[in-house]
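Participant: Can you read through this structure? Questions will come right after.
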Amino acid sequence: MSKSEDLELLTALQPLIPALRRYASAMVRNRELADDLVQDCLERAISNWKTRKQAENTRQWVFAIAHNLIVNRLRQDARRGQHIDIADVDEAAVAAPAPQESRVRHEELLRAIAALPEDQRAVITLVSVEDLSYAEAAQTLDIPIGTVMSRLARARERLARALEGGLSRREPVTAPSPLRRLK
């Protein structure tokens, strides 16, 4: 570039820098990232200065470059997720159980639910999965609320034993009786 072109470039771009910083800061809400984006915008504007249309509004052209860079960065961040320095992360926050084990437990739970008698399966599904209240489940199944509670208790007990490995699929559930025999 010649000196006159350099001077034209400088006089056109320099007054736009504060406005570009404000715009980028408002869009990304991170001052350091905004400064990086403004720098990238200015680099693009300088490298493409000769290819711009002379009749084009320089301010509008530079803001279009900035906007496109910001939108691309926001999309990129959305795909990648939030960046956190590994030194700042608590080890417990990134430690997770192996997904295979949870999948196996989930499949065991589904098998145990499928093995429940129909009346218990209906109650546990409505209350524990669909999050209906006892009264709503009783109304849905057209049974008394006490029946809902007893079926739910038996279903939960049966599921707990099945998941602990202590109940075969055909083994009947015998709930301990809360009543004592009197002679």
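Participant: Computed over the Cα atoms of the stretch 13-120, what is the convex hull's projected area averaged over all directions, in nm²? Provide the component values of the computation, followed by the final result.
Facilitator: Values: hull surface 53.2 nm².
So the Cα hull casts an average projection of 13.3 nm².
Participant: On to the next question. Specify the inter-centroid distance of the stretch 1-72 and the stretch 81-106, based on alpha-carbon positions, in whole Å.
Facilitator: 40 Å
Participant: Sort HIS83, HIS67 by heavy-atom solvent-accessible area, probe 1.4 angstrom, most to least. Can you show the working numbers first?
Facilitator: Numbers: HIS83 160, HIS67 70 Å².
Putting HIS83, HIS67 in descending order of accessible area: HIS83, HIS67.
Participant: What's the angle, to the nearest 10 degrees (0 to 90), between helix 17-28's Cα axis and the longest principal axis of the chain?
Facilitator: 10 degrees
Participant: What is the magnitude of the charge dipole of the chain about its Cα centre, with +1 placed on the Cβ of each Lys and Arg, -1 on the Cβ of each Asp and Glu, and no other charges, expressed in debye to the nearest 20?
Facilitator: Numbers: 28 positive and 26 negative charges, 132 e Å.
The dipole of the chain has a size of about 640 debye.
Participant: Something else now. With a 1.4 Å probe and every protein chain kept in, tell me what percent of the accessible surface of the stretch 37-149 is carbon plus sulfur.
Facilitator: Values: 4200 of 8220 Å².
Carbon with sulfur: 51 percent of the solvent-accessible area.
Participant: Now a separate question. Kindly provide the trypsin sites (Lys or Arg not before Pro) of the stretch 50-158 that DSSP labels as loop, not H, G, I, E or B, and whose Cβ sees at most 15 other Cβ atoms within 10 Å. Mind showing how you got there, number by number?
Facilitator: Details: sites: LYS50, ARG52, LYS53, ARG59, ARG73, ARG75, ARG79, ARG80, ARG103, ARG105, ARG111, ARG121, ARG151, ARG154, ARG156, ARG158; in loops: ARG52, LYS53.
Listed in order of number, the matching sites are ARG52, LYS53.
Participant: Tell me the label-point distance for the pair VAL89, ARG75, using the 7 Å Cα-to-Cβ offset, in nm and rounded to one decimal.
Facilitator: For the pair VAL89/ARG75, the computed spacing is 2.6 nm.
Participant: What do you reckon, how do ILE124, ILE17 stack up by accessible area (1.4 Å probe), largest on top? Provide the component values of the computation, followed by the final result.
Facilitator: Values: ILE124 10, ILE17 60 Å².
Putting ILE124, ILE17 in descending order of accessible area: ILE17, ILE124.
Participant: Counting only heavy atoms of protein chains, what accessible area per residue, in Å², does the stretch 1-74 have with a probe of 1.4 Å?
Facilitator: On the way: 4920 Å² over 74 residues.
Ligands and nucleic acids excluded, the result is 66 Å² per residue.
Participant: Still on this structure: Compute log10 of I(q)/I(0) for the chain with the Debye formula, placing one identical point scatterer on every Cα and leaving out solvent, at q = 0.15, 0.19 Å⁻¹, to two decimals.
Facilitator: Debye intensities relative to I(0), on a log10 scale: -0.94, -1.19.
Participant: Right, another one. With each label point set 7 Å from Cα along the Cα-Cβ vector, what nm distance links GLU164 and HIS67?
Facilitator: 6.5 nm
Participant: Within the stretch 66-155, report the GluC sites (Glu not before Pro) that DSSP leaves as loop and that have at most 16 other Cβ atoms within 10 Å. The partial results should precede the final answer.
Facilitator: On the way: sites: GLU91, GLU101, GLU107, GLU108, GLU118, GLU130, GLU136; in loops: GLU130.
Answer in residue order: GLU130.
The values are calculated or read from the model by the stated rules, or taken from the named source; none is laboratory data. Model, not experiment: these values are computed from the prediction. So basically every Cβ, Gly included, is an ideal-geometry build from the backbone, and we count neighbours across all protein chains shown. All accessible areas refer to the heavy atoms of the entire protein, side chains included, with ligands and DNA or RNA removed. Shrake-Rupley method; radii C 1.70, N 1.55, O 1.52, S 1.80 Å.
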